[in-house]
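First comes the structure, then the notes that go with it.
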Amino acid sequence: MNPVVGLDVAKGESQIQMFLDKKMPYKNSVKVEHTVEGLKELLSFLLDLERQTGIRPPVVLESTGHYHAPVVQFLEARAYIVIIVNPLVSYRAKSSSLRKTKTDAIDAYHLGELYYKEDLEPQKKLQFQAVLDQVFPEYKGVFGDLYAEVSLKTLQTFPTSESVLKAGVEKIAQFVDRHCKARSFNWALEKAEGLHAVAVRNPFQSTLYQSLLVSLNMYIDLLQAYYQQLSTLEREIDQLAVQLEEYELLQTIPGVGEKIAATIISEIGEIDRFSHPKKLVAFAGLDPSVFESGRFKGTKNHITKRGSARLRHMLFTAVRCAIRDSRKKKTTDETIARNKRLRAFYDLKREEGKPYRVAIIACANKLLHWIYAMLKTKTPFQETI
């Protein structure tokens, strides 16, 4: 179970929609007032959901100026994780619905659904970092990736300078080594020494407010659940992709492996949805933005980035893999690229004076046109230049 509560906050009242898990709403949406009695009623709903799932649910609500302040204060005092969503994020989620209906109950439902989408990842991370800044700000530089599994587990076990100094370098090194089998013990020891060093200079040796430690621990649980859910989804995508003809077809492109092919297929879906390659390019957010005002016409137009960020990322990864030298050891100055056609196009753009990033974007655009043609005609990639 992965419960959540969507809360649509208005002046003096909130609409509640509870979820047991993704696409599993729990009971009907209800409205409570921002009074002592109303907030007690809200708490009873949360405790009911917790009894059903065995997990304390996070609460997702939209930032509404000062209207949400009493609700947030009430929930945080009882150690609930509150995810406050930027209204632009929630508006985009609501706008994606085909039916243009607007009620408090529907808005609360959308906020709950939003929790199960990756749109909330930046919100979760920002609020996690806000708490970390009040507990152990120096911790951010210890691991290369703050959100790596070993980093989150280490922080959860040693959340304060006091706990780090009490444990000592050797004990922390053993802990890191147990939770990161891919690395050597020397690496774990290096991280433990680094953690000990930042604990010494951390401005907060101990935490005055226990509620901050509770919030930090719950945010870590939330992030770990999110990454676990994402891993499950990726495995399901891979299993489904293997069964499709397009999966093998895309891997005929040098630079496109199993993971990239599966992700591209999952993001594009049915190619017949796009009547022209330019529509697919726009879906990936690779089309140039246009800025005109009166007689002024912008000449330095960036890509829109309005479409699928995951598709865009996979295309950039595929391009970098394709134009890279395919040899393990360089013996001459010549570059023997995995994808000669794409490398030739990249070199052309560089000779025209285009910066590296601009050339990569142009290659991604070109690659997407090839993918469109391949999926439409069901033909493999042709290596000839």
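For segment 194-239, the set of residues classified as part of a helix (DSSP H, G or I), farther than 24 Å from I55 by Cα, without any contact (Cβ under 8 Å) to a residue 24 or more places away in the chain and not acidic (D, E) consists of A197, R235, Q239, listed by residue number. The residue of segment 5-38 that is surrounded by the most Cβ atoms within 10 Å (Cβ to Cβ), among those that are outside any strand (DSSP E or B) and among the basic types (K, R), is K22. In segment 214-225, the condition of being farther than 30 Å from P57 by Cβ, crowded, with 17+ Cβ neighbours inside 10 Å, of a type outside the set (D, E) and at pLDDT below 90 is met by no residue.
Among the residues of segment 57-73, what is the count of those that are open to solvent by 20 Å² or more (accessible area, probe 1.4 Å) and under 21 Å from I220 (Cα atoms)?
The initial filter retains those residues of segment 57-73 that are open to solvent by 20 Å² or more (accessible area, probe 1.4 Å), namely 62-70, 73.
In the following step, the residues that additionally are under 21 Å from I220 (Cα atoms) were identified as 73.
Within segment 57-73, residues that are open to solvent by 20 Å² or more (accessible area, probe 1.4 Å) and under 21 Å from I220 (Cα atoms) number 1.
Taking the criterion of being in a helix (DSSP H, G or I) and either in contact with a strand residue (DSSP E or B) (Cβ under 9 Å, 6 or more places away or on another chain) or among the hydroxyl-bearing types (S, T, Y) (or both), the residues of segment 124-152 that qualify are K124, Q127, Y139, S151. Does L250 satisfy being touching a residue at least 40 places away in the same chain (Cβ under 8 Å), open to solvent by less than 20 Å² (accessible area, probe 1.4 Å) and over 18 Å from K376 (Cα atoms)? Considered against the rule, which asks whether it is touching a residue at least 40 places away in the same chain (Cβ under 8 Å), open to solvent by less than 20 Å² (accessible area, probe 1.4 Å) and over 18 Å from K376 (Cα atoms), L250 comes out as no.
How about segment 345-385: which of its residues are of a type in the set (D, E, K, R), touching a residue at least 12 places away in the same chain (Cβ under 8 Å) and exposed (fewer than 14 other Cβ atoms within 10 Å of the Cβ)? Spell out the reasoning first.
Here is the first cut: in segment 345-385, the residues of a type in the set (D, E, K, R) are 347, 349-352, 354, 357, 366, 376, 378, 383.
Those left that are additionally touching a residue at least 12 places away in the same chain (Cβ under 8 Å): 349, 366, 376, 378, 383.
Residues satisfying the conditions are K376, K378, E383.
Out of L233, L240, one residue alone is open to solvent by 70 Å² or more (accessible area, probe 1.4 Å), closer than 30 Å to T263 by Cα and more than 19 Å from the chain's Cα centre (by Cα). It is L240. Output yes when any residue across segment 39-52 is open to solvent by less than 40 Å² (accessible area, probe 1.4 Å) and assigned to a loop (DSSP other than H, G, I, E, B), and no when none is. Scanning segment 39-52, I find no residue that is open to solvent by less than 40 Å² (accessible area, probe 1.4 Å) and assigned to a loop (DSSP other than H, G, I, E, B), so the answer is no.
So how many residues does segment 173-193 have that are assigned to a loop (DSSP other than H, G, I, E, B), modelled with pLDDT of 90 or more, open to solvent by 30 Å² or more (accessible area, probe 1.4 Å) and not charged (D, E, K, R)? The total comes to 2. Evaluation of L155 against the conditions (1) part of a helix (DSSP H, G or I); (2) open to solvent by 50 Å² or more (accessible area, probe 1.4 Å); (3) modelled with pLDDT of 70 or more shows that the sole unmet condition is (2).
Does E76 satisfy the condition of being open to solvent by 70 Å² or more (accessible area, probe 1.4 Å) and without any contact (Cβ under 8 Å) to a residue 24 or more places away in the chain? Let's see the steps before the verdict.
Details: open to solvent by 70 Å² or more (accessible area, probe 1.4 Å): yes; without any contact (Cβ under 8 Å) to a residue 24 or more places away in the chain: no.
It is false that E76 is open to solvent by 70 Å² or more (accessible area, probe 1.4 Å) and without any contact (Cβ under 8 Å) to a residue 24 or more places away in the chain.
Figure legend. Inter-residue proximity from segment 159-182: first residues in contact (Cβ under 8 Å) with a residue 40 or more places away in the chain, second residues open to solvent by less than 40 Å² (accessible area, probe 1.4 Å) and β-branched (V, I, T), beta-carbon distance below 7 Å, spacing 6+ or different chains. Indicated pairs: P159/V135; T160/V135; T160/T207.
The values are calculated or read from the model by the stated rules, or taken from the named source; none is laboratory data. Just so it is clear, the structure is predicted and the values come from calculations on it, not from any experiment. Please note: Cβ atoms are built from the backbone with ideal geometry, for glycine as well, and neighbour counts cover all protein chains shown. These area figures cover heavy atoms from the full protein model, side chains too; ligands, DNA and RNA do not enter into them. Shrake-Rupley method; radii C 1.70, N 1.55, O 1.52, S 1.80 Å.
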